[in-house]
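K.L.:
The following block contains the structure, expressed as structure tokens.
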Amino acid sequence: MSETWAYISNYSIYSAMAVFTLSFLAHAYETAWAVRAPQSTDSTDGNLAIKTLDYTRTEKASRIATALMILGFILLFTGVIARGISAQRVPWGNMYEFSITGALAFTGAYLAALRKYDLRWLGLLVSIAVLLTLGTAIAVLYRPSAPLVPALKSTWLVIHVSAAIISGGVFLLANAISAAYLYLDSMERKGPRTLWAQRLPSLEVLDQLSYRLVAFVFPLWTFAVIAGAIWAESAWGRYWGWDPKETWAFITWVAYAAYLHARVTIGWRGRRAAWLCLFAGSTFLFNYIYVNIYGTGKHTYSGL
Amino acid sequence: MSKAIELPELGATGLLRYSWRQLTSMRTALILLLMLGVAAIPGSVIPQRDQNPMKVSEYFTNSPTLSLWMDRFSLFDVYGSPWFSAIYILLFISLIGCVLPRSVEHFHAARALPPKTPKNLDRMEFYTTWESQGGEMEIAHTLLRSSRFRILQENNSISAEKGFTRETGNLFFHLSLVLILIGVGLGSLFGMRGYAIVNVGERFINVPTTYDSLTFGKLLSEKDLPPFVITVDNFVAKYNTFTNAPEDYTLDVSVVESPGAQPVKRTVKVNSPLRFGSTNVYLQANGYSPIVTVRDSAGNVALQGPVPFLPQDGNLKSIGAIKVPDADPQIGFVATFLPTQARDSVRGGISVFPEALDPKMLFSIWRGDLGLNTGVPQSVYRIDTSKMERIGLESLKPGESFSYDGGSITFETYVPWVNLQVVRDPGKNYALLGGIVAILGLLASLFTRRRRIWIRISESGKVEVAGLAKNSAPGLEAEIARVVSSLKGEK
């Protein structure tokens, strides 16, 4: 029974990867084919050589790309749930499971933000990031579905880990946007944007968007840390012990707190804010990758 | 004529005031905040005494000089070091110095009425105007009051303001961090933490001598230990048969909370400790204690009872030392306990499963001076064999005996032991309260917007509506549109 579910989970995740690959290709097609070569009938003045962007030509591709992204999300969701059913617990017991759930949260954050903002340009980045995460998960981190160790058997697993994973997904999305900001900013310093980059939002919008994402999810991250402390109190006898994972969660918290203060109180914008945002996000990634795999301490659940 | 440039004297108070301004400035706070983050990093890379004393002593053995210098900079106690403390103390002083004056200011501002309606509303945001139909002021007043705006009513205008929760939440968030710090401080001053290994079937009495290790906060003494007694009735560990990983630990105990009270049966699990007020008892680790009987050559019992062994790996291969100080000459057994024994061509005796399915004890027998009277503290799991000679090598299964020159040893059976961690932390509830307030404060400050709305009926009979949002927060336009449509009588 549980083996069947484990197979369902694995096949769902393989299919999700295939679908994300197609979505990536559709996004790439859209980005590339929207550029229109100059045609002699276009203009009679000196701007003949200027290429133009024409999104009506790739409208269909972009719709397909997003539809595939949603399909990938559903498959990935099925994979994560089936993994949970096969192990008869929440699927957050080792690093393979953290990774597939993290990829799910990241895709979810992107799709949720897409409803409100025109973020389709980001799909190229999101799909490749999700593909890389899933690929690493399957190739390097995969472990057969197994029950939890006693310390993880707690309701707090659901609360603490879900809050941490969702926060992580949104932090990484904010990071992607900040990175896009820095890239476009340096491009604009040299002159007008290259053609394919013209559809991307203005620098102000990117700046504001990454701030909103961080401000929105910062309370959730605070909650994840506090929920972890409450759990640690009942499992390990102390709510805070400067375990490497705890330390880095604290560093991430401090970095984002600094980012919010820098923006709201001192009024940092633009490059400096984007760099700070990237720094904060990298502390989260470092915590996830380095501390899980090479770290010592009590949070070594990677199963590696 | 003197040519010296005259600088204004700062003076002592001036200097103090200047330093205070610098310290409480936002820029300084931000730098301190980032410094705190950076200062936390070394503690996650270098082993810390609190978490991993063994690793620290390894450092000292491997590179003594470097370790000595690292120790001088408190790199093995980062989170209690002077420099780490200096950063967070300065940060908190800066925070308090910033938040307290703001709290007072906010307290006054929150009770004051909104400022008067400005003369030229058309310079404000989202200005709308139309011919008055009459009754707009009344509708506006009810509408704004019901959405909990604070209102200043003038002759022909209304000035309304909302969103003070933003600053309230912000201030509460920062004050709650102080509360968390107080909680942490109380815990370290009035807290205690101790560990004790207890064999199944034995009792743990909460007095200092029963502990294997015990540390008190600076303002707590041993008299404050609550007088409970815990009898370890049973311990069951379940392991996964494929991965060998533990699946469940269940510890059954009988608890006598105070002398003369009736024993109460309780169950302890990893995530559910025993709780006595602010003292908790946790199940921390487990292992095996072989029960042995050692006799001298005349057949008199020299030692009998369970001896806790220290697990070395996930399959609970455990090492231990059976010391018989009363034998003459002294006898010691350097032993290994294998819960499920197997032979490995390279490593020799290994355990292949953590449950005791096929237990075996391997040991070497040593005769001579155990070195117990030298005054140097010894590990209970190891024997200093430098003044001893080896007289035998054997392995036994439960129930078997072995005779050597000068006596015999019987491996009777084995019992599990559990490591109980007893913790008292009177500050944790303050920290928890601080944490909850911090989240609520954050939510309030990040998700409310401070904004003003004005409505005026001009002398020419026109209704004018406009607004202003602090930090140009979004959403005001829609809000004003709603006010306008209600005033116009649209639904």
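No lab work stands behind these numbers, since they all come straight from the coordinates. None of these values were measured; they are calculated from a predicted model. Glycine gets a Cβ as well: all are built from the backbone with ideal geometry, and neighbour counts include every protein chain shown.
K.L.:
What residues qualify as long-range amide H neighbours of B:Lys360, i.e. H under 5 Å apart, gap of 5 or more or another chain, H built at 1.01 Å from N?
P.N.:
Here the answer is B:Leu338, B:Gln341, since their amide H atoms fall under 5 Å of that of B:Lys360.
K.L.:
What are the chymotrypsin sites (Phe, Trp or Tyr not before Pro) within region B:186-276 that DSSP puts in a loop, where the Cβ has at most 10 other Cβ atoms within 10 Å? Don't skip to the end; give the middle numbers.
P.N.:
Working: sites: B:Phe190, B:Tyr195, B:Phe204, B:Tyr211, B:Phe216, B:Phe228, B:Phe235, B:Tyr239, B:Phe242, B:Tyr249, B:Phe276; in loops: B:Tyr211, B:Phe228, B:Phe242.
The qualifying sites are B:Phe242.
K.L.:
Work out which helices of chain B, taken as complete DSSP H runs, extend at least 30 Å along their axis over the Cα atoms and score a mean Kyte-Doolittle of 0.5 or more, then list them. List each step's numbers first, then the result.
P.N.:
Numbers: long enough: B:82-111 (43 Å, 1.03); B:165-190 (36 Å, 1.27).
Answer set is B:82-111, B:165-190.
K.L.:
Using helices alone, what [θ] at 222 nm do you get for chain B, with -39,500 (n - 2.57) per DSSP H run of 4 or more residues, divided over all residues and rounded to the nearest 500?
P.N.:
Numbers: 10 runs with 149 residues, N = 491.
Calculated from helices alone, the mean residue ellipticity at 222 nm is -10000 deg cm²/dmol.
K.L.:
Could you work out the relative contact order of chain B, using alpha carbon pairs under 8 angstrom and six or more residues apart, expressed as a whole percent? Let's see the in-between values first.
P.N.:
Details: 911 pairs, mean separation 90.1, N = 491.
About 18 percent, as a whole number.
K.L.:
Pairs B:Lys269/B:Lys360; B:Lys119/B:Lys470; A:Lys116/B:Lys462; B:Lys238/B:Lys265; B:Lys238/B:Lys360; A:Lys153/B:Lys428: which exceed 26 Å Cα-Cα?
P.N.:
On the way: B:Lys269/B:Lys360 28 Å; B:Lys119/B:Lys470 19 Å; A:Lys116/B:Lys462 37 Å; B:Lys238/B:Lys265 21 Å; B:Lys238/B:Lys360 20 Å; A:Lys153/B:Lys428 23 Å.
Violating the 26 Å Cα-Cα cut-off are B:Lys269/B:Lys360; A:Lys116/B:Lys462.
K.L.:
What FRET efficiency comes out for the pair B:Asp358/B:Trp83, r = Cβ-Cβ distance, R0 = 60 Å, nearest 0.05? Each step should come with its number before you reach the end.
P.N.:
On the way: r = 54 Å, r/R0 = 0.90.
Computed FRET efficiency for B:Asp358 and B:Trp83: 0.65.
K.L.:
Between the DSSP loop rule and a limit of at most 10 other Cβ atoms within 10 Å, which trypsin sites (Lys or Arg not before Pro) in region B:298-355 are left?
P.N.:
Details: sites: B:Lys317, B:Lys323, B:Arg343, B:Arg347; in loops: B:Lys317, B:Arg347.
Hits after loop and neighbour filter: B:Arg347.
K.L.:
Given R₀ = 60 Å, FRET efficiency for B:Gln312-B:Arg148 by Cβ-Cβ distance, to 0.05?
P.N.:
On the way: r = 65 Å, r/R0 = 1.09.
It comes out at approximately 0.40.
K.L.:
While we're looking at this one, here's another question. According to a simple spin-label model (label point 7 Å from Cα along Cα-to-Cβ), what is the distance in nm between B:Tyr127 and A:Ile293?
P.N.:
6.1 nm
K.L.:
When only DSSP loop residues count, what trypsin sites (Lys or Arg not before Pro) in region B:163-241 have their Cβ near at most 11 other Cβ atoms within 10 Å?
P.N.:
Numbers: sites: B:Arg166, B:Arg193, B:Arg203, B:Lys218, B:Lys223, B:Lys238; in loops: B:Lys218.
In loop regions of region B:163-241 (DSSP not H, G, I, E or B), the sparsely surrounded trypsin sites (Lys or Arg not before Pro) are B:Lys218.
K.L.:
If you don't mind, another one. With each label point set 7 Å from Cα along the Cα-Cβ vector, what nm distance links B:Ser254 and B:Thr413?
P.N.:
1.8 nm
K.L.:
Oh, and also: Given Cα pairs under 8 Å that are at least 6 residues apart, what percent is the relative contact order of chain A?
P.N.:
Numbers: 379 pairs, mean separation 56.6, N = 304.
Relative CO of chain A lands at 19 percent.
K.L.:
Tell me what chain A gives for mean residue ellipticity at 222 nm when only DSSP H runs of n ≥ 4 count, each as -39,500 (n - 2.57), the sum divided by the residue total, rounded to 500 deg cm²/dmol. List each step's numbers first, then the result.
P.N.:
Working: 8 runs with 195 residues, N = 304.
Counting only the DSSP helices, I get -22500 deg cm²/dmol.
K.L.:
Can you tell me the orientation of helix A:95-116 relative to chain A, as the angle in degrees between its alpha-carbon axis and the longest Cα principal axis, to the nearest 10?
P.N.:
Value to nearest ten degrees: 40.
K.L.:
With each label point set 7 Å from Cα along the Cα-Cβ vector, what nm distance links B:Glu222 and B:Tyr381?
P.N.:
2.5 nm
K.L.:
For A:Val264 and B:Glu202, FRET efficiency with R0 = 51 Å and r from the beta-carbon atoms, rounded to 0.05? It would help to have the intermediate numbers written out before the result.
P.N.:
On the way: r = 59 Å, r/R0 = 1.15.
After rounding, the FRET efficiency stands at 0.30.
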